[in-house]
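Structure record follows, encoded as structure tokens.
The values are calculated or read from the model by the stated rules, or taken from the named source; none is laboratory data. Keep in mind the model is a prediction, meaning the values are calculated, not measured. All Cβ positions, even for glycine, are placed from backbone atoms using ideal geometry, and neighbour counts span all protein chains on display. Protein only, heavy atoms only, side chains kept; ligands, DNA and RNA dropped before computing areas. Shrake-Rupley method; radii C 1.70, N 1.55, O 1.52, S 1.80 Å.
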Amino acid sequence: MAESRNGPMPLAEARARIVAAISPITDTQTLALPEALHRVLAETVTAGVDVPGADNASMDGFGFAAAQAPADGARLRVVGEVLAGHPFPARVGAGECVRIMTGAVVPAGVDTVVMQENTRTEGDDVVIERVPARGDNIRPAGEDLARGEAVLGPGHYLRPADIAVLASVGAHRVAVYRRPRVAFFSTGDELRPIDGPLAPGEIYDSNRHGLAAVLAELGMEGVDLGVVGDSRAALAAAFDRAMTADAVVTSGGVSVGAADFVLDVLADRGSVDFWRVAIKPGKPLAFGTLGDARFFGLPGNPVSTAVTFVQLVRPALVRLAGGTPAAPVRFTLPTRTDLRKKPGREHYLRGCMAFDGAASEVVAVDHQGSGVMRSMSRADCFIVLPADCGDVAAGTPVTVEPMAQPVWGQPAPPIA
Ligand code: AMP
Ligand code: MG
């Protein structure tokens, strides 16, 4: 059971060790493009066509050869109209122009488009009141993507803009990585399903529902193994069911209490890497291996479960899925209130950002207990206080990490 030299492991070290220990899934599947949203691309997609396919007008106006309109007030004969999707069949000659619409292919003999607003029509002629520079208002073929160019590569998490880019080159089917199967369960004799009554001492199993939700949001295939009681035998049976997954996430039973058997059973059936991280909330945490699966034993206090998932499990699952964990977006805001803290662990207080011009600040929610899940639900950010920091006075700038995060980073763009 490896642990840092002097007690709990710094959070950044724990995160780096966990992410480094993950082998990304390499199995792929081919999907129709619309189904590939929020999946991780497993191939290099190369443009089979130029985008756009031909020089085309970027404005509604008139197309002509710049040499034919040497100065403002030039007059040209309008010999036709060119619409998007209907290329002009002839060459535009001396003294001539065509009316042309946005997206229409620029005809032979045309190298410039003037916007309609800078012209005046007189019978069959058009007078160009303000002559644009040669080449203006024409988008060259291949301006966005050239045929043969690499569009996106393996490891790219597909957002709506990526779907549109892939569609623009006609990539109607794409290879993506298989989604990770993540088994999860809660441990605790006190936990009951949320649709029944509670006897004295019992509570509803909220963590499992929170975990199911964050896994769904991350695009994982969750495998819900229910509630497991505080006994070695029950845990052993659950571990055996869980170990065929790609990853296992549990809550509860990782402290040193009389009913905390997760570490024992994990050590027995797999291996434990470490189990104390210098983070508050959430110090006790098991990371290890169970069969082929990576195992994350999160603490049971609901806020601890949620915070350790975000800080330690989520980046690992992104890597498991073939993606690149994004560095969190952080900035500083002054804290509205004094914050109490003992040096030692990195704190993740729950806060709300208040933006009001120069008076922007962050407000810690009023109850920071690790059992007060409402603090997570009400908050829109973490206030991150470094391990070595102590009390913080109101007005001091503090690090703010919004809960809405990019999560999926992008690998370097493919080389064409
Ligand atoms: P443990 O980590 O098992 O010692 O649990 C710490 C605290 O979290 C205890 O108060 C538990 O009752 C509570 N807890 C554990 N698991 C859950 C769960 N699934 N849902 C809600 N609370 C839980
Ligand atoms: Mg427990």
Could you tell me whether segment 186-208 includes any residue that is hydrophobic (A, V, I, L, M, F, W, C) and within 15 Å of ligand 2 (Cβ to nearest atom)?
yes
Quick check: anything in segment 224-244 under 18 Å from Thr305 (Cα atoms), in the same structural domain as Val182 (by the TED database), away from ligand 1 (no atom under 13 Å from the Cβ) and in contact (Cβ under 8 Å) with a residue 24 or more places away in the chain?
no
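Under the condition of being open to solvent by less than 40 Å² (accessible area, probe 1.4 Å) and within 12 Å of ligand 1 (Cβ to nearest atom), which residue from segment 181-201 is nearest to Ala258 (Cα to Cα)?
Result: Gly188.
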Thr332 versus (1) open to solvent by 80 Å² or more (accessible area, probe 1.4 Å); (2) within 16 Å of ligand 2 (Cβ to nearest atom): which is the lone unmet condition?
(2)
Being away from ligand 2 (no atom under 16 Å from the Cβ), open to solvent by 30 Å² or more (accessible area, probe 1.4 Å) and within 32 Å of the chain's Cα centre (by Cα): is that true of Arg269 here?
no
Inside segment 311-336, can you point out the residues that are out of contact with any strand residue (DSSP E or B) (no Cβ under 6 Å at 6 or more places or on another chain) and free of Cβ contacts under 8 Å to residues at least 60 places away in the same chain?
none
Out of (1) open to solvent by less than 10 Å² (accessible area, probe 1.4 Å); (2) over 14 Å from the mean Cα position of the chain (by Cα); (3) not charged (D, E, K, R), what's the single condition that is false for Leu317?
(2)
Any chance Gly297 is in contact with a Leu (Cβ under 9 Å, 6 or more places away or on another chain) and part of a loop (DSSP other than H, G, I, E, B):
no
Residues to consider are Gly85, Gly170, Gly109, Gly103; find the one that is more than 16 Å from ligand 2 (Cβ to nearest atom), open to solvent by 20 Å² or more (accessible area, probe 1.4 Å), touching a Pro at 6+ places or on another chain (Cβ under 9 Å) and not assigned by the TED database to the domain that holds Ala293.
Gly103
Select, from Gly344, Gly288, Gly322, the only residue that is assigned to a loop (DSSP other than H, G, I, E, B), away from ligand 2 (no atom under 16 Å from the Cβ) and within 26 Å of Arg179 (Cα to Cα).
Gly322
Looking at segment 347-388, which of its residues are part of a loop (DSSP other than H, G, I, E, B), open to solvent by 30 Å² or more (accessible area, probe 1.4 Å) and touching a Leu at 6+ places or on another chain (Cβ under 9 Å)?
Phe355, Gln368, Ala387
Can you tell me how many residues in segment 116-154 are surrounded by 17 or more Cβ atoms within 10 Å (Cβ to Cβ) and among the hydrophobic types (A, V, I, L, M, F, W, C)?
8
If you go through segment 291-309 one residue at a time, how many are open to solvent by 40 Å² or more (accessible area, probe 1.4 Å) and within 15 Å of ligand 2 (Cβ to nearest atom)?
1
Just a yes or no: is a residue in segment 225-248 in contact with a Gly (Cβ under 6 Å, 6 or more places away or on another chain) and open to solvent by less than 10 Å² (accessible area, probe 1.4 Å)?
no
Number of positions in segment 21-36 that are surrounded by 14 or more Cβ atoms within 10 Å (Cβ to Cβ), among the small types (Gly, Ala, Ser) and within 20 Å of the chain's Cα centre (by Cα):
1
